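Right, one structure below, let's go through it.
Read the figures in this text as sums done on the coordinates, not as results from a lab. Just so it is clear, the model here is predicted, and its values are computed rather than measured. Glycine also receives a Cβ, built like all others from the backbone with ideal geometry; neighbour counts cover every protein chain displayed.
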């Protein structure tokens, strides 16, 4: 038993570096919001993102006054950039939930320093994703028709359609992610409330923290609720991208109608999401001097998750090609040939393989895994690759279906691009605002990572100890401390 | 045991000289979680029941030390999940079998497999709302005011310090004795908590 615990400690090295105590981690994280002058770089970054967001507002205005004809999608490619971008954004959100929920259940303590902004990333990505189907309905002011409510028209949604499943999945996902994020924030907002000097922010944080005071009874229910939410989010996140994949796989279009889609989509989502987490946290930890909380070890772990999920995705590509051939259906065989070398979009496929399949192979090597620079580059490449993946799946399957007479080509218009780039602007605008006004790292959870958070065992018979939890606490430090106490 | 009377509603020792005003309880401050848990064990063993502890992060040991019973929250959440599941199926069966039966894709009116995804999502949605709403309501939140906030140093409970409270409502509460007892618990300082 002792041996395994020691082995576990080796497996789970200290996730907070440097000489920190409760006060210093609290101050370090909360000062970013409360005390430090907003760095000049923040204004630059926020300014650029905010300007790019105006592209979105202009596009949406033009779209609403004109109609979705301003986009390039038309028969036979009725689903194009809006759906590509929708799936891309939803996928990015998945890493946040994976980090906050699944890694919590698996007792991976390293999630603690990155879960807060990964969850924020989820929320903002889902917000961006939601815009696309909403606007693609053509009349977004009637989007509430998607929800079942009794109405004078006597109409109901058609529940056998994957598109309605999507409405339920995505709206539930957005709601539960928001709840999860907010519950995690309550104790930290209370910290900000107690430390804020500015009266206005004191009141705002006071309202948001709901009068949290860290009572033992409250913590007790809080931890149960948090664990249950994690337990609920785990099947939820798996179901969301499965249901998104049903939009495709329930149809009969060659290239979409494959049973591998749900797991393949979920793995791709986590893959893309971890790439986005890395893209966000590599600059963040440098600019905000957070290397002692988001350590190099965190980056290595994320790189490994990326490699693992990336390999699942590569397996998915191989299986898609295999299914096409093995189905012996001439349409499937044609689709695969068309996608890989015969069709006009063949080079997208190979670009995709290069971005998602080849680039991640570098992660097998320590040199790349442990270099923040290379991780950043690979993450960017993977983000592009995952966008291309959705492009390949959607466009190459639709543009040449069963009837050659209905074949066509797709090319995006300028408004497809301004819309996509505009949502990137919106995403980063929200991220910058979040970084400025809320604690980017979960303060109370980081406190639990410190050796001094452990109740020492010197006092026999009182309560369980934290020993049975595989975490980063260094036993010798605690022994020394309890000896001092005596 | 209690000294409660109409003239002395909080039941504190009428002979106490120090105590001039009505107070909510006594609050002791500690530096480490170990001290807090030890002190909590000792106040429980001394027979105090109207107690609470405050810490900047969840401490599992404190539940046992203060004798906090396991919350009923998981059962509520299970109830929420079942309600969500039944709502999901009931809604879809009502829509596609009773109110507006229409054949789609040659499937039966009640096509359970197609109804699973929305019912599944509603299960999770209802359970999540129950978990969060239940936690907040059972905790008596939102509660912007609480007497412990009157102690200026209590602001550190969300930063680094640990606090232990004995309310005057406690039948065993006696201002002088309790204060002395709490000071003997290794506390940094003991504060009066104004009502």
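Miscellaneous remarks
- Note on chain B: GNM, Cα springs under 10 Å; of B:114, B:55, B:71, the largest mean-square fluctuation is that of B:114.
- The mean count of C-beta atoms from other chains within 10 Å of the C-beta of residues in A:225-236, rounded to a whole number, is 6.
- The reciprocal of the average 1/r between distinct C-alpha atoms defines the Kirkwood hydrodynamic radius, which for chain B equals 20.4 Å.
- Put in order of Cβ neighbour count within 10 Å, fewest first, the listed residues B:123, B:51 become B:51, B:123.
- Extension gain, residue A:405-residue A:351: 0.36 nm per intervening residue step, less the Cα-Cα distance, totals 16.6 nm.
- Neighbour-count ranking [beta-carbon atoms within 10 angstrom, fewest first] of A:341, A:89: A:341, A:89
- Region A:32-121 shape via C-alpha gyration tensor axes, a/c threshold 1.5: oblate
- Ellipticity at 222 nm from helices only: DSSP H runs of n ≥ 4 in chain A, each -39500 (n - 2.57), divided by the residue count, give -21500 deg cm²/dmol.
- Average Cα contact separation per residue, chain A, under 8 Å, 6 or more apart, as relative contact order %: 31
- Each peptide in A:233-241, B:130-138 was scored by the mean count of other Cβ atoms within 10 Å over its residues; highest first, the order is A:233-241, B:130-138.
- Restricting the calculation to alpha carbons of the protein assembly as shown gives Rg and Dmax of 28.4, 101 angstrom.
- Each part gets one Cα centre, and for region A:395-418 versus region A:288-311 those centres are 38 Å apart.
- Other protein chain C-beta atoms within 10 Å of residue C-beta, averaged over B:151-161: 6.
- Ranked by how many other Cβ atoms sit within 10 Å of their own Cβ, fewest first, the residues A:434, A:86 fall in the order A:434, A:86.
- Taken residue by residue and averaged, Cβ atoms of other chains lying within 10 Å of the Cβ of A:205-212 number 4.
- Translational diffusion coefficient (Stokes-Einstein; Kirkwood radius from C-alpha pairs) of region A:69-197 at 10 °C, 1.306 mPa s, in µm²/s: 93
- Under the simplified labelling scheme, the residue A:31-residue A:417 pair shows an inter-label distance of 4.5 nm, with each label point 7 Å from Cα along Cα→Cβ.
- Largest first and in whole Å, the equivalent-ellipsoid semi-axes of region B:73-138 read 30, 10, 7, each the square root of five times a Cα gyration tensor eigenvalue.
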